[in-house]
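Q: One structure coming up, written as structure tokens, with questions to follow.
The values are calculated or read from the model by the stated rules, or taken from the named source; none is laboratory data. Note that the coordinates shown come from a computational prediction; the quantities given were computed from them, not determined experimentally. Cβ sites come from the backbone with ideal geometry, for glycine too, and all protein chains shown count toward neighbours. Quick note on the areas: whole protein, heavy atoms, side chains included, nothing else; ligands and nucleic acids left out. Shrake-Rupley method; radii C 1.70, N 1.55, O 1.52, S 1.80 Å.
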Amino acid sequence: MLRPAELVFTIDNIAHIAKHSVIADEVKEVIEGKPIFIGAKLNRIMAIGPTNFGRALVIVLDKIDNEKYYVVTARDANKKERLKYEDQKRRWH
């Protein structure tokens, strides 16, 4: 998957990710870093990766068009997701 050129944030999704103690800047850090991208339910995309401070996040994106992606949710990655990220990274290096 190509890296999203623009992440779309609204009052609603900012409030939603805040419930998971995530802020928009952390989402941007993950997407601009070196995440892995996985297909998710409802034709959405799941990104897993670390913030600049090493916090592993899962971000679910909904494609608006070829460049814009709506941030559906973001939360801390669970152990299985962190392992999946580490496994994919090992394969690429």
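Q: Taking all protein chains together and a probe of 1.4 Å, list ARG90, ARG82 from the most accessible to the least accessible. Intermediate values should be presented prior to the final figure.
A: On the way: ARG90 155, ARG82 105 Å².
Largest accessible area first, the residues go ARG90, ARG82.
Q: Here's a follow-up. Show me, for the range 5-21, the HN-Hα J-couplings you get by feeding each phi into the Karplus relation (A = 6.51, B = -1.76, C = 1.60, θ = phi - 60°), rounded to Hz, glycine and proline as x.
A: 6, 9, 9, 9, 10, 10, 4, 5, 6, 5, 5, 5, 5, 5, 5, 9, 6
Q: Still on this structure: Tabulate in residue order the Karplus-calculated ³J(HN,Hα) for the range 65-79, using 6.51 cos²θ - 1.76 cosθ + 1.60 with θ = phi - 60°, rounded to whole Hz; enter x for Gly and Pro.
A: In residue order, the calculated couplings are 8, 5, 10, 10, 10, 7, 7, 6, 7, 8, 7, 5, 6, 7, 4 Hz.
Q: Near LYS28, which lysines are there with a Cα under 17 Å away, not counting those fewer than 8 places off in the same chain?
A: List returned: LYS63, LYS68.
Q: Which one, ILE38, GLN88, ASN52, is farthest towards the positive end of the dipole of the range 11-93 when Lys and Arg carry +1 and Asp and Glu -1 on their Cβ?
A: GLN88
Q: Using a 1.4 Å probe on the protein heavy atoms, what percent of the accessible area of the range 13-93 belongs to carbon and sulfur?
A: Solvent-exposed carbon and sulfur of the range 13-93 make up 52 percent of the total.
Q: If you take Cα extents along the principal axes in Å from the coordinates, which of [x] 56, 23, 23; [y] 30, 28, 25; [z] 37, 28, 23 do you get?
A: Calculated Cα extents along the principal axes in Å: the matching label is [z].
Q: To continue, here is another question. With +1 on each Lys and Arg Cβ and -1 on each Asp and Glu Cβ, and nothing else charged, work out how big the dipole of the chain is about its Cα centre, in Debye to the nearest 20.
A: Here the chain has a charge dipole of around 520 debye.
Q: Per residue, what accessible area does the chain have, given a 1.4 Å probe and all protein chains present, in Å²? Write down the numbers at each step before the final one.
A: Working: 6140 Å² over 93 residues.
I get 66 Å² per residue for this part.
Q: Could you tell me the relative contact order of the chain? Use alpha-carbon pairs under 8 Å, at least six residues apart, and round to a whole percent.
A: About 28 percent, as a whole number.
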